[in-house]
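Here is the structure we will look at.
The values are calculated or read from the model by the stated rules, or taken from the named source; none is laboratory data. Everything numeric in this text was worked out from a predicted model, so none of it was measured. Quick reminder, even Gly has a Cβ in these numbers, built from the backbone with ideal geometry, and neighbours come from all protein chains shown.
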Amino acid sequence: MCLGIPGKLVEVYQKDELPMGKADFGGVVKEVCLAYTPEAQPGEYVLVHVGFAISRIDQDEADQIFSMLAQMEELADSAPELDSPAPSPPSWPTPQ
Amino acid sequence: MKYVDEYRDPEVVWQLAAQIRRLVRRPWNIMEICGGQTHAIMRFSLDSLLPPQIRLIHGPGCPVCVTPVEIVDRAIELAGRPRVMLCSFGDMLRVPGSRKDLFTAKSEGADIRVVYSPLDALRLAQENPDREVVFFAIGFETTAPANAMALRLAKQRGVKNFSVLVAHVLVPPAIEAILQAPGCQVQGFLAAGHVCTVMGLEAYRPIAEKYRTPIVVTGFEPVDILQGILCCVRQLEQGRHEVENAYGRSVRPEGNRHAQRQIEEVFQLADRKWRGIGLIPASGLELRPPYWEFDAVRRFGLEGLVAEEPAECLAGQVLQGQKRPPECALFGLQCTPEHPQGAPMVSAEGVCAAYYRYRRNLDAAGSLKKGP
C-alpha cells in the first residue's frame, strides 16, 4: 500500500494552480503531482506514491551502498593471507 | 528500471548476506514493519539467505489489514445509499466486513469505483455534481499527504458533493504498542522507508531510546532490506540502539516538510482501533474541525454503526508477530486470497497472502509439506 515507484521526470508544468509533471516509469509515462517536491526538475528521479512525488531521489546516497561493498571487496582482495579465516570483529563497549 | 534493477542484483544481495553472516554472533529477532517489505522478503526468499540466528517477525504495516471491520462496514453501508459513488483503492474491495465485502456490494449494484489517486476521486466529484462522491481514505503517513491535498483542493474549489471516510493510521504508536505488549520478542525494527520519507526520523528517536531498541529506516528492494538487516544486526551485536537511515536515497532526517505541513493543516491526532489489535491511543488521524464538512461519517450519520471483530482467525496475533500464518487452522483451507477470512489474506502486502503465494507448501514449522 505504501508502494513508491521511482520515475524520471520528463516535464514539469502548472495545472489548476498545482505544480504537476510527467514521469517516465520504465517506458510508461504518467502525470504526477509535484506539490510536495516543487523543486524537482526534468531529468531528475522522483519517488511516486498514489500520484504524488514524495521525494527526489538522491543519487549520491543511492551510490553509497555499492561503493561501500566495492571497498570491502578491495579490502578482502588485498588481505595478505587469503587462506586464513577472517579475524573476529573487535568487541565494542556498550554505551551507557 | 533505474533505482529498481540494481537493487535486485543477486550478486550484491549475496555480498550483503555474507556480511550479515560474518557479523552475527547471537540470535536476534527483527521485525520489518511494512507489508511491502514482508512481500519482498517472501517474494525474493530473502529470509532463506540469512544465518539461522536471525529471525524476521512480520509487522502490522499494511493499512488494508489493520482498517477495523467497523469502518469497512461503514463503507459498505455508504456504498448502498442512493446517489453515493464510493471511491477506494483497489485493495480494500475484498476485505471482509461483518457480513460482506465491498466487492460483493458492487456486484449487488452499488456504485464503487477503484481509483489510483485521491485526486481521481475529487475529479469524479467535480464531473458528477448530482452524485455524492465518498473517498475511502485509508493509509499510513505515506498516503496522508495525498489525501490531505484532495481535501484542501475540495475546500478551495468548494466541491460540496465530496467527502471522505477517514481511516488513517500512524507507525510510531504501533511500534510502541508492539514493544509494550507482554511477551514482545522484537529486538530491532526495520522502519518503513516511505513513511519516513514523509515524516522523517525524529518520532523514532525517543522510542529507540526508551526501549533500548535499534530502529533502522529501510527501503523495499532486496538490497535495501538486507542493508537494513545488516545495520540492525551491527547495532544489536554492538549493544547500540539508535535510529539509523539505511534508505538515504529517499529519506531525509527531517522528512518532507511540504507534505508534513499539508497533513498538519487537514488532520489531527486521534485514537484509532486497529483490526485484530484493538485501540491504540493517538495512533491515527482524523479531520480538523475546518474540514468536518467533508467528513462522510458526519454527513451521512454513521456514528452509530459499530461492529466487533470476528474471533475466528488469528489475524491479530499474526499482525503483532506472535504467530505465523501457517499456525492458523484456517490458513490455506477456509482462508485463501479468493475467500479471505481475515484482512491479512487480502492485500498482496498482507502477511497471510504473502505466505499463501510464496510459502504455501511449507508447514507451520517451515518444512516442506508432503502430499499433493
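Some notes on this structure:
- Taking the criterion of being surrounded by 21 or more Cβ atoms within 10 Å (Cβ to Cβ) and hydrophobic (A, V, I, L, M, F, W, C), the residues of region B:166-185 that qualify are B:V166, B:A167, B:V169, B:L170, B:V171, B:A174, B:I175, B:I178.
- Count of region B:13-22 residues which are facing another protein chain (nearest Cβ under 10 Å) and within 29 Å of the chain's Cα centre (by Cα): 1
- Answer from B:R55, B:R25 - the residue that is in contact (Cβ under 8 Å) with a residue 24 or more places away in the chain, touching a helix residue (DSSP H, G or I) at 6+ places or on another chain (Cβ under 9 Å) and more than 12 Å from every other protein chain (Cβ to nearest Cβ): B:R55
Condition check ((1) modelled with pLDDT under 95; (2) closer than 25 Å to B:F89 by Cα; (3) within 10 Å of chain A (Cβ to nearest Cβ)) across all residues:
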{"site": "B:E132", "(1), (2), (3)": "no, yes, no"}
{"site": "B:E141", "(1), (2), (3)": "no, yes, yes"}
{"site": "B:M149", "(1), (2), (3)": "no, yes, yes"}
{"site": "B:N161", "(1), (2), (3)": "no, yes, no"}
{"site": "B:V166", "(1), (2), (3)": "no, yes, no"}
{"site": "B:V169", "(1), (2), (3)": "no, yes, no"}
{"site": "B:A174", "(1), (2), (3)": "yes, yes, no"}
{"site": "B:M199", "(1), (2), (3)": "no, yes, no"}
{"site": "B:Y211", "(1), (2), (3)": "no, no, no"}
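- Cβ separations smaller than 6 Å between residues 6+ apart or across chains give the following pairs from region B:2-16 residues that are in a helix (DSSP H, G or I) to residues that are modelled with pLDDT under 95: B:Q15/A:L69.
- Meets criteria (surrounded by 24 or more Cβ atoms within 10 Å (Cβ to Cβ) and either assigned to a loop (DSSP other than H, G, I, E, B) or within 9 Å of chain A (Cβ to nearest Cβ) (or both)) for B:H194: yes
- Scanning region B:212-223 turns up one or more residues that are in contact with a Ser or Thr (Cβ under 8 Å, 6 or more places away or on another chain) and in contact (Cβ under 8 Å) with a residue 60 or more places away in the chain.
- Residue count for region B:28-46 satisfying the condition of being assigned to a helix (DSSP H, G or I) and either of a type in the set (S, T, Y) or more than 9 Å from every other protein chain (Cβ to nearest Cβ) (or both): 8.
- Hits in region B:92-104 - residues which are touching a residue at least 24 places away in the same chain (Cβ under 8 Å), in a helix (DSSP H, G or I) and over 17 Å from the mean Cα position of the chain (by Cα): B:L102
- Unique residue being at positive phi and in contact with a helix residue (DSSP H, G or I) (Cβ under 9 Å, 6 or more places away or on another chain) when the list is B:G278, B:G248, B:G228, B:G284: B:G278
- Top-ranked residue of region B:106-130 - restricted to ones that are within 12 Å of another protein chain (Cβ to nearest Cβ) and outside any helix (DSSP H, G or I), ranked as nearest to B:G200 (Cα to Cα): B:S117
- Flag for B:F89 being of a type in the set (F, W, Y), in contact (Cβ under 8 Å) with a residue 12 or more places away in the chain, within 22 Å of B:L302 (Cβ to Cβ) and surrounded by fewer than 24 Cβ atoms within 10 Å (Cβ to Cβ): yes
- When each of B:I207, B:I280 is tested for being outside any helix (DSSP H, G or I), surrounded by fewer than 22 Cβ atoms within 10 Å (Cβ to Cβ) and away from every other protein chain (no Cβ under 12 Å), the lone residue that passes is B:I280.
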